[in-house]
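Reviewing the structure listed below.
We did not get these values from a lab; they are worked out from the coordinates using the rules stated. For clarity, every value in this text was computed on a predicted model and none was experimentally measured. Glycine also receives a Cβ, built like all others from the backbone with ideal geometry; neighbour counts cover every protein chain displayed.
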Amino acid sequence: MSKTILITGGAGFIGSHVVREFVLKYPSSHIINLDALTYAGNLENLKDIEDKPNYTFVKADITDAAKINSIFQEYQPDGIIHLAAESHVDRSITNPLEFVMTNVIGTVNLLNAAKDIWADNYEGKRFHHVSTDEVYGTLGETGLFTEETSYDPHSPYSASKASSDHFVRAYADTYGLPVVITNCSNNYGPNHFPEKLIPLCIHNIIHKKPLPIYGDGKFTRDWLFVIDHAKAIDLVFHKGNLGESYNVGGFNEWQNIDLVKELCKQMDEKLGRAVGESAQLITFVKDRPGHDLRYAIDASKINTELGYEPSVTFEQGLSKTIDWFLANQDWLDNVTSGDYQSYYKKQYIGS
Ligand code: NAD
Ligand code: DAU
């Protein structure tokens, strides 16, 4: 085996696509997926690659420093790709401390473990921290986030991710740790947990349930197909300049209301429903507190320096996503049973 690469959060939405990309593309590397399997982690996401000889799953919580240290001692990873996190803004509003524990303390535990096993010998080593565009705060109606935009987080989630980014940079500056950071916009695609806007609406359209739109629906996000994010991570992990950040996005802005209408249109066609039927499910609900108006990424740096281009258009990506959810309704039923029901009731029905 040429390299050992440890990926945290590999059972989650984006992490599972990153793990698959690395396991299949680098058969001579040993890929370790370290994940606590919270409500968002699901090994079903990796069924197709779980028997590959270069893949190992380790169940562990990144807030448990002793366990993380012993795993690092045992496997001696050359590279870390860190995705494990609490990732949902609405949950961060009801339970901020959990976000501090996983996203801040958990990240520092990983940085310490990497620093200890690499012991100042950083040749061929790399710590890639996967972050978000939400650290930059919100844009008005114009402008884009660049790598130079000041951090200005507004939710407990984005504050915890901003804090973790600062720790990663501090470990580079203080201890010389070889780090890279990616800050990506909103992802969508197969295996997306249905607490987030697109999969939640796909699930509700299938079951003819209300489609909850926060506020006036004019909030804007920049959407990227998840496999294109995984490809960007591969590129930056292998070719990004140490100590630098790379913004990742699709130059693909949508207001929430227009996006949900497009989703309704495509799903009516695929489900053989009457034109306009699903759009009747759209329901405006109370706004998210501290809701950021607009995110939009300037992805020129990763494009010009590393030659990155998304591989699908939004129309293609959305169509593939809907097809995946329609073909995998067992997956959707499994993740929306149990705890999801009580989360959904509290978030949308208020009890
Ligand atoms: P997700 O919530 O789907 O998955 C998170 C994974 O982390 C799960 O498998 C979960 O079990 C694991 N995890 C959570 N707490 C853990 C802990 N204490 N120890 C070990 N594992 C733990 O998240 P996602 O949407 O796939 O996001 C992955 C990463 O990418 C996050 O760091 C997120 O901030 C970042 N990101 C997400 C998006 C997006 O649109 N989803 C965009 C940009 C950046
Ligand atoms: O920008 C990157 C971020 O994108 C990631 O860092 C986060 O992990 C990820 O969850 C995502 O955050 P958002 O808050 O943008 O995603 P979410 O799907 O929760 O919401 C998208 C938009 O849709 C946002 O403006 C809020 C709105 N929304 C969301 C839900 C769940 C609704 O109008 N109704 C809803 O029910």
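Structural remarks
- For region 171-273, fraction of C-alpha pairs farther apart than 22 Å, in %: 44 percent
- Principal axis dimensions, largest first and in whole angstrom, of region 228-272 by Cα: 49, 20, 10
- Rg(Cα) / (2.2 N^0.38 Å) computed for region 1-144, rounded to two decimals: 1.09
- Averaging the Cα positions of each part gives two centres, and for region 191-219 and region 335-351 these lie 13 Å apart.
- Computed over region 69-228, the ratio Rg/Rh where both radii use C-alpha atoms and Rh is Kirkwood: 1.02
- When +1 charges are put on Lys and Arg Cβ atoms and -1 charges on Asp and Glu Cβ atoms, the dipole computed for region 123-265 relative to its Cα centre reaches about 620 debye.
- Options Tyr75, Gln280, Ala299, ranked by Cα towards positive dipole end of the chain, top entry (Cβ charges): Gln280
- Whole-number D in µm²/s for region 60-100 (Stokes-Einstein; Kirkwood sum over Cα pairs; 10 °C, 1.306 mPa s): 131 µm²/s
- With 20 Å bins from 0: P(r) over the chain, alpha-carbon pairs, percent: 30, 60, 10, 0
- Once exposed loop GluC sites (Glu not before Pro) are cut out (DSSP; at most 11 other Cβ, 10 Å), longest piece of the chain: 149-351
- Against the rule of thumb 2.2 N^0.38 Å, how large the Cα Rg of region 1-68 comes out: 1.04
- Sorting Val236, Val19, Val312, Val285 by the number of Cβ atoms found within 10 Å of their own Cβ, with the fewest placed first, yields Val285, Val312, Val236, Val19.
- Straight Cα distances below 18 angstrom link Lys47 to the lysines Lys25, Lys59, with same-chain residues fewer than 8 positions distant left out.
- Restricting the trypsin sites (Lys or Arg not before Pro) of region 178-229 to loop positions (DSSP other than H, G, I, E, B) with no more than 14 neighbouring Cβ atoms within 10 Å leaves Lys208, Lys218.
- Two-decimal log10 I(q)/I(0) for region 226-351, as the Debye equation yields it once each C-alpha is a single scatterer, q = 0.10, 0.13, 0.19, 0.20 Å⁻¹: -0.50, -0.82, -1.24, -1.26
- Dipole magnitude of the chain about its Cα centre (Cβ charges: Lys, Arg +1; Asp, Glu -1), debye to nearest 20: 560 debye
- Counting only Cβ charges, +1 for Lys and Arg and -1 for Asp and Glu, the dipole size of region 285-351 around its Cα centre is about 380 debye.
- Ranking of Ile32, Ile7, Ile80 by count of other Cβ atoms within 10 Å, fewest first: Ile32, Ile80, Ile7
- Overall shape of region 96-166 was characterised from the C-alpha gyration tensor. The equivalent ellipsoid obtained from it has semi-axes of 28, 17, 7 Å, in decreasing order.
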